[in-house]
1. List the residue pairs whose Cβ atoms are under 8 Å apart, where the first residue sits in segment 1-30 and is over 17 Å from LEU49 (Cα atoms), the second is acidic (Asp, Glu), and the two are 6 or more positions apart or on different chains.
2. Checking the conditions here, which among LEU117, LEU86 is touching a Gly at 6+ places or on another chain (Cβ under 6 Å) and either open to solvent by 50 Å² or more (accessible area, probe 1.4 Å) or in contact (Cβ under 8 Å) with a residue 12 or more places away in the chain (or both)?
3. Being open to solvent by less than 30 Å² (accessible area, probe 1.4 Å), touching a Gly at 6+ places or on another chain (Cβ under 7 Å) and at pLDDT below 90 narrows it down to one residue among ASN7, ASN2; which is it?
4. Just need a number here: residues in segment 68-83 that are more than 12 Å from LEU24 (Cα to Cα), open to solvent by less than 60 Å² (accessible area, probe 1.4 Å), in contact (Cβ under 8 Å) with a residue 40 or more places away in the chain and not aromatic (Phe, Trp, Tyr).
5. Looking at segment 21-66, which of the residues that are loosely packed, with under 12 Cβ neighbours inside 10 Å and part of a helix (DSSP H, G or I) is modelled with the lowest pLDDT?
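The values are calculated or read from the model by the stated rules, or taken from the named source; none is laboratory data. Everything quoted here is computed from the prediction, not taken from an experiment. All Cβ positions, glycine included, derive from the backbone under ideal geometry; neighbour counts span all protein chains shown. In case anyone asks, the SASA skips ligands and DNA or RNA and just uses the protein heavy atoms, side chains included. Shrake-Rupley method; radii C 1.70, N 1.55, O 1.52, S 1.80 Å.
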Amino acid sequence: MNTNPVNLAVRFVLELIMLVILALWGWHLSGSWVRFVAAAGFPVIAATLWGVFRIQNDPKPAPVEIPGIIRLLLELALFGWAVWALNDLGYSMLGWVMAIVVALHYLVSYDRTWAMLRNKPYNGFVK
């Protein structure tokens, strides 16, 4: 189910929303020049972690291959950071909505999630 185009679109939108939230949270952390560094730096850090540390065949060869459970924990930590940032910004209802959508996404992507939990390569993208 993970390779369903609608599910892939939801995942992509969730990733973009996560990056925007982290930028907004970084902007609101300080009133000084630090806000510029945080607003640019937090999304760059998150995107770098997301793009570099991957499991095999998800969807291409990983630049740095890590075990599936570590990848799952990394993804949940980054989404959790965004949910926490929403709560910290005073948008707790949006935080709950995002947390529920992320949880539903991982349930719908049960094949990929199960492969990561078993520490097996995900073969959903291999043709």
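1. From residues that are over 17 Å from LEU49 (Cα atoms), the pairs are MET1/ASP111; ASN2/ASP111; TRP25/ASP88.
2. Values: LEU117 fails: touching a Gly at 6+ places or on another chain (Cβ under 6 Å).
Result of the check over LEU117, LEU86: LEU86.
3. On the way: ASN7 fails: touching a Gly at 6+ places or on another chain (Cβ under 7 Å).
Being open to solvent by less than 30 Å² (accessible area, probe 1.4 Å), touching a Gly at 6+ places or on another chain (Cβ under 7 Å) and at pLDDT below 90 holds for just one of ASN7, ASN2, which is ASN2.
4. Adding up the residues that qualify gives 4.
5. Kept after step one, since they are loosely packed, with under 12 Cβ neighbours inside 10 Å, are these residues of segment 21-66: 31-33, 48, 52, 60-61, 63-64.
Narrowing further to those that are part of a helix (DSSP H, G or I): 48, 52.
Working: THR48: 95, VAL52: 91.
Among those that are loosely packed, with under 12 Cβ neighbours inside 10 Å and part of a helix (DSSP H, G or I), it is VAL52.
This table checks each residue for (1) modelled with pLDDT of 85 or more; (2) of a type outside the set (D, E, K, R); (3) in contact with a Phe, Trp or Tyr (Cβ under 6 Å, 6 or more places away or on another chain); (4) outside any loop (DSSP other than H, G, I, E, B).
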residue: ALA85; (1), (2), (3), (4): yes, yes, yes, yes
residue: ALA99; (1), (2), (3), (4): yes, yes, no, yes
residue: ALA103; (1), (2), (3), (4): yes, yes, no, yes
residue: TYR106; (1), (2), (3), (4): yes, yes, no, yes
residue: MET116; (1), (2), (3), (4): no, yes, no, yes
residue: PHE125; (1), (2), (3), (4): no, yes, no, no
